[in-house]
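Novice: Structure provided below as structure tokens; questions to follow.
The values are calculated or read from the model by the stated rules, or taken from the named source; none is laboratory data. Model, not experiment: these values are computed from the prediction. Using ideal geometry, Cβ is built from the backbone for each residue, glycine included, and neighbour counts are taken over all protein chains shown. The protein model used for the area step is the full one, side chains on, heavy atoms only, and it has no ligands, DNA or RNA in it. Shrake-Rupley method; radii C 1.70, N 1.55, O 1.52, S 1.80 Å.
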Amino acid sequence: MPGSDGAAIGRRRFLGFVIAAPTLVAAAELTRPESAAATPTPVAGQVPSPEITKIVDLTDMMTAATLPTAGLIRVEVHEDGTVSFALPRAEVGQGITTSTAMLIAEEMDVPLDRVRVTLADARPELVFNQITGASNTTHSTYTPIRTAAAIARLRLLEAAATVLGSAASELTVRAGVIADRAGNSVPFGDLAAKAATDRTEQVSVELKEAKDFSVIGTPRNRIDAVAAVTGRKKFTMDLDVPDAKSTMVCRAPTINGTVESAANLAEVRGMPGVTDVAVVSTGVAVRAETFGQCVDAVRALRVSWKPGTAEGKSDESVLDELRAAELPLGPRPPVANVDERFTFYFRSNSALEPNCAIADVRADRAEIWSGLKSPIVAKQEIAVKLGLPLTRVTVHVTDSGGSFGRRLFYDAALEAAEISQQFGKPVKLMWHRADDSRQGRTHPMCISRVRATYAGNTVLTYRQRHTSVATDLGHGFGEIVTALAARLPVGDIGFSETFFQLSQEMSYKFGASTRWLNETDKGFNTGSMRNVYSPDATCARELVVDQLAGKMNKDPYQFRREFLRDDRAKAVLDKVAEVGSWGRQMPANTAQGIAFHAEYKSVSAALVEIDCRPETVNREIRDGVAGPRVTKVVFAVDVGLAVNPRGLEAQMMGCICDGIALTLTSSLHLRDGHFLEASWDNYFYTRQWNTPPELQIIVMPNTSEQPGGAGELGVAPSMAAVACAYGRATGTMPTSFPINHDTLSFEPKPTIPPVPESPTDGIRRAR
Amino acid sequence: MPKHTFRVNGEQVTVDVADDVRLLWVLRDLLGITGPKYGCGINVCKACTSHLNGNAVNPCAIPVNDLEPTDEVTTIEGLAATVDQDLHPMQRAWLEQDVAQCGYCQPGQIMAAVALVREVTAHGRELTEADLDGIRNICRCGTYPRIREAIKSGAKEM
Ligand code: FES
Ligand code: FES
């Protein structure tokens, strides 16, 4: 697969630039030219066996999509000895500013705390190469960033040679200081101007060999950790943009409903603190001195609403639509088989920081601040909406309070721009939690049908038909695929299908294997949630794997081991089985489960222990869901090369918490055209009382010189292992997720007014 | 408009705002103290957790009118100063465990943790797993296991 990286002119030699500037600026192209073997031969109209994911996976596809871009990324050395870099990606908690700083520290031999990584504004010249998705960041930036940093180091060495009067080859670099053999030394800061150039030129440089790494591959703490624990880390709503006052929108009681008429705009405009009120495309916008006064104003508005895009729909009606859209598997074959259908209800990808954005739109220009994973498309669409030329719109990418797929979209940025233009004033727009949950994007409801046939010890066929409410992938990602689809061996089957095919790998030797996606109903606000199709599709597959193992009288671990294709896969599976003492005796109603998943050039396995005893399931939790408790998780992951094992562990920890919630507790309930959930005590994401008391994450030794994807891949095996464990503990394989969906565990809040009143009893406990 | 006087992070403040505006918005929108975060506005997510006279409270549920001039509000920004250090021991424990991912919930988590340890200590007992299970603060990034580790080690230093 695109094997060479950066502008490679030798195994470790790469091309970059020094850029004309007052202090040293080294740059490299954010591209990865393909090697001769990189372009697969298209096969029209069909998905060929063997596995197309072996030919090209999603990571390759996104990386290949970056080829025509010409944008440079720059490492700058300053006179205070610091090094700065503006990363054209979004930091949403996944730790990429830290791993990026590590790459620079490694190649330059500068201390990590002297590297400052910020987030770049939207840079349209980067075309497709400013999207943070599919766990692609480290993979696609690994070599270019190192190349730029290595060039900076090279130039500093040359400047030091002049200053110290010694050949560059005689000099050593340690911790941002260059020394000669006699012990004379000069720090980077003193060389920043001397190493600069007034003529941009191309330079070639050799990158460090992996065996010489002292930063990459070592566990490091987050570079923004101190800011996070002191409250100094600034998120969008923490920014002090002059006159950008608190703004909220009164939204419809049903999904995407719009305003028919508003009865009392003038009255609401006169409420304390309120400065502006107006009907906008998504509801009625209010701007006030404080968000508290926005809440009051939103609650006071009397609006009549037009129907939305999912009017009258419910879980049951969508399930009927999905069943009707399922691609047929044909009559049951005359051989032994397992045939199951799994249902996955809508889930919310709300982050803790709700949708929010600041917009300052003037007659001739606009400035936007928001946590954006696809800022170029956001900028383009905002410019169109405002009727401004692209060059008059500035889009700043801010640190996000989580993403989980949410920030691939720019709903709040677009809405804030519209409102600011309408009011003629800067606005700081926040979605209420209730809005975020009810009108925000969701992971689409879907069903997965699996039929596997077997004879003796052989699995003859494995066929999966995944049928889903349409996933909106129209965040610029689509363009990449459109541009590339023709070159892929998937013909014209469309973007979602392509994405599905590329992200789903069949890791088992299961004879003829096919999997198809069919989508229906575009009436919902959807988006990919962390790990997109994989958690549901993998959960269904792994449960069927357990069934097959049972039919063949094999142990679930041994069965997987026997059928997995490659050694890296077997290694992670063996690791969790060994460390987690697979097969140990467990009390009744408790059990272990094991699952495997491969994606983004990475492999992972999870071993889970679950407690489904009645006294555990029925334990008392105020305004929460108890249910079965996952008591232990052992997780092994091999991402090829782990740049920051400590950060990777953190990502897997989050993935595990997601997986537990997806199987056991978290879903949205659709009733009469709206979702019932409006609070974190309605939508049951994993809480402390659901957290596994025992957790062990094992980062496997490196198996590659290239980092694979990491941010998402742990969700699928975690969800699947919890489901398998639940099935083994209760003796009944779960087929509907989350398992508690049929019980509504809360009292739904009203939809009119759309946001609940803030309580007033908060002080009681304090005195 | 009514004036309200109270103390925040060691300083006397006076704000001019309607009685029923919740403290969270007085802190964030009027005083520019942005450590306490909004995650729900209905005393559920606990992202805004701060201390009032040393106890954990949720300012999204406190009308500013409830505050007396002697009331001391401590937000994450003022936590370290309560022990006269650059960082509170709980913040140091947080750094050691590298807890934060996106960081959005973390001010609230730390303030809740400090109050929990104080409460347990006041009752003269040790922190239990049940105490940790009882923490309601949401972390949508799923840092819960590291939070538990950090609280256990932070408690020893408090
Ligand atoms: S914002 Fe105060 S508890 Fe959620
Ligand atoms: S660190 Fe992101 S919500 Fe907790």
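Novice: Give me the percent of Cα-Cα pairs in region A:388-440 that sit more than 12 Å apart, rounded to a whole number.
Specialist: 75
Novice: If you take all C-alpha pairs in region A:520-572, what percent of them are over 17 Å apart?
Specialist: Summing the P(r) of region A:520-572 above 17 Å gives 55 percent of all pairs.
Novice: Which order do A:K306, A:K233, B:K156 take by accessible area at a 1.4 Å probe, largest first?
Specialist: My answer, sorted largest first, is B:K156, A:K306, A:K233.
Novice: Separate question: Peptides A:443-454, A:79-90: what's the order by average Cβ count within 10 Å, highest mean first?
Specialist: A:443-454, A:79-90
Novice: Within region A:656-750, list the GluC sites (Glu not before Pro) lying in a DSSP loop whose Cβ has at most 16 other Cβ atoms in a 10 Å radius.
Specialist: A:E705
Novice: Under the rule of -39500 (n - 2.57) per DSSP H run of 4 or more residues, summed and divided by the residues of chain A, what mean residue ellipticity at 222 nm is obtained, to the nearest 500 deg cm²/dmol?
Specialist: Computed ellipticity for chain A at 222 nm equals -8500 deg cm²/dmol.
Novice: Would you mind computing Rg(Cα) / (2.2 N^0.38 Å) for chain B, counting N as its residues?
Specialist: Dividing the Cα radius of gyration by 2.2 N^0.38 Å gives 1.02.
Novice: While we're looking at this one, here's another question. Could you tell me how many cubic angstrom of Cα convex hull volume region A:162-271 has per residue?
Specialist: 359
Novice: Of all DSSP beta bridges in the protein assembly as shown, what percent run antiparallel (nearest 5)?
Specialist: Bridges in the protein assembly as shown are about 75 percent antiparallel.
Novice: For region B:3-78, give the magnitude of the charge dipole about the Cα centre (Cβ charges: +1 Lys/Arg, -1 Asp/Glu; no others), in debye to the nearest 20.
Specialist: 300
Novice: Counting C-alpha atoms alone, how compact is chain A: give Rg to one decimal and Dmax as a whole number, in angstrom.
Specialist: 27.0, 84
Novice: Separate question: Across the residues of B:18-30, average count of Cβ atoms on other protein chains within 10 Å?
Specialist: 6
Novice: Past 30 Å, Cα to Cα, is the threshold; run A:K234/B:K152; A:K379/A:K749; A:K313/B:K37 against it and keep the listed order.
Specialist: In this structure, A:K379/A:K749; A:K313/B:K37 lie more than 30 Å apart at Cα.
Novice: Is any helix in chain A, taking whole DSSP H runs, at least 20 angstrom long along its axis by alpha carbon and on average at least -1.0 on the Kyte-Doolittle scale, and which ones?
Specialist: A:137-164, A:534-551, A:645-664, A:715-730
Novice: Straight-line reach from A:K570: which lysines have a Cα under 18 Å away, not including same-chain ones fewer than 8 places off?
Specialist: A:K54, A:K509, A:K554, A:K601
Novice: Starting from one equal scatterer on each C-alpha and no solvent at all, send me the Debye-based log10 I(q)/I(0) for region B:3-78 at q = 0.12 Å⁻¹, two decimals.
Specialist: Relative scattering, expressed as log10 I(q)/I(0), comes to -0.26.
Novice: What is the mean number of Cβ atoms from other protein chains located within 10 Å of the Cβ atom of each residue in peptide A:670-681, rounded to a whole number?
Specialist: Per residue, the average neighbour count from other chains is 2.
Novice: Taking the inverse of the average 1/r across all pairs of different Cα atoms in region B:81-157, what Kirkwood radius in Å do you get?
Specialist: When all Cα pairs of region B:81-157 are included, the Kirkwood radius is 12.6 Å.
Novice: Could you tally the net charge around A:A710, taking each other residue with its Cβ under 13 Å from the Cβ of A:A710, Lys/Arg +1 and Asp/Glu -1?
Specialist: Around A:A710, the charge tally is -1.
Novice: Related question: Over the Cα atoms of region A:601-684, how large are the radius of gyration and the largest Cα-Cα distance (Dmax), in Å?
Specialist: Radius of gyration, then largest Cα-Cα span, for region A:601-684: 16.4, 48 Å.
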